1. Can you find a residue in the stretch 16-25 that is of a type in the set (V, I, T) and at pLDDT 85 or above?
2. Tell me, which helices (runs of 4 or more DSSP H) wholly within the stretch 1-118 include 2 or more residues that are in contact (Cβ under 8 Å) with a residue 60 or more places away in the chain and more than 23 Å from the chain's Cα centre (by Cα)?
3. Filter the stretch 126-143 down to the residues that are out of contact with any helix residue (DSSP H, G or I) (no Cβ under 7 Å at 6 or more places or on another chain) and buried (at least 16 other Cβ atoms within 10 Å of the Cβ) and list them by number.
4. Restricting the search to the stretch 88-116, which residues are within 15 Å of L13 (Cα to Cα) and either polar (S, T, N, Q) or at pLDDT below 80 (or both)?
5. Filter the stretch 121-154 down to residues that are of a type outside the set (A, V, I, L, M) and touching a residue at least 40 places away in the same chain (Cβ under 8 Å) and give me whichever is farthest from L13 (Cα to Cα).
6. Could you tell me whether any residue of the stretch 97-117 is touching an Asp or Glu at 6+ places or on another chain (Cβ under 8 Å) and either surrounded by fewer than 18 Cβ atoms within 10 Å (Cβ to Cβ) or on the phi < 0 side of the Ramachandran plot (or both)?
7. Read through the list (1) modelled with pLDDT under 85; (2) touching a helix residue (DSSP H, G or I) at 6+ places or on another chain (Cβ under 9 Å), then give the number of the only condition that L119 fails.
8. Only one of (1) surrounded by fewer than 15 Cβ atoms within 10 Å (Cβ to Cβ); (2) touching a strand residue (DSSP E or B) at 6+ places or on another chain (Cβ under 7 Å); (3) not hydroxyl-bearing (S, T, Y) is not met by Q53, so which one is it?
Amino acid sequence: MTYIIAVVSFMLLLMVLWDAFEVIILPRRVTHYIGFARVLIRSTWRLWSAVAQSMRDDQRRETYLSIFGPLYLLMLLSVWTTGLVSGFATMHWGLGTPLNVAQGIAPLSTYLYMSGTTLFTLGLGDVTPLGPVGRVLVAVEAGIGFGFLAAIISYLPILYQAFSRREVSI
């Protein structure tokens, strides 16, 4: 059963990374794609626009609608980050990676904590894996986290320029 959890976690990681690749890095539109970004925007936009339709004041409605894009971007980054942290944590948990914790057997929350500090390259060192498989996973997660954060940070100025050009044309 634990290996099934590890395989499902690996699939989650692949889905999150592929979704981020298609949304951020791929320079063309993806027509066949169903991922976190599409599901999130469709579900949240329906609710957001329904609330906007109930507003009578046009200026207030336009202001309300203009908030959705940046807020959606922050939600999407949060979903991707949560997926990466959860995927690596449950993979460690599923593989039974031994950790240097006082309790002996670490609960899932300890794996989530270790995964979060590793993905954001914080690396406090209070919880570390003891076995070779866990150490490799931590190194891979730190590399993916560093690359993911670099891609996100480099993507934000491009978005800001696009929004600025759009505002000038309007």
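The values are calculated or read from the model by the stated rules, or taken from the named source; none is laboratory data. Since the structure is predicted, the reported quantities are computational estimates derived from the model, not experimental observations. Cβ atoms come from the backbone with ideal geometry, glycine included; neighbour counts cover every protein chain shown.
1. Yes; the residues of the stretch 16-25 include at least one that is of a type in the set (V, I, T) and at pLDDT 85 or above.
2. Of the helices (runs of 4 or more DSSP H) lying wholly inside the stretch 1-118, those with at least 2 residues that are in contact (Cβ under 8 Å) with a residue 60 or more places away in the chain and more than 23 Å from the chain's Cα centre (by Cα) span 2-20.
3. T128
4. Those that are within 15 Å of L13 (Cα to Cα) and either polar (S, T, N, Q) or at pLDDT below 80 (or both): T90, S115.
5. Taking the candidates together, the pick is G134.
6. Yes, the conditions are met somewhere in the stretch 97-117.
7. Single failed check for L119: (1).
8. Condition not satisfied by Q53: (2).
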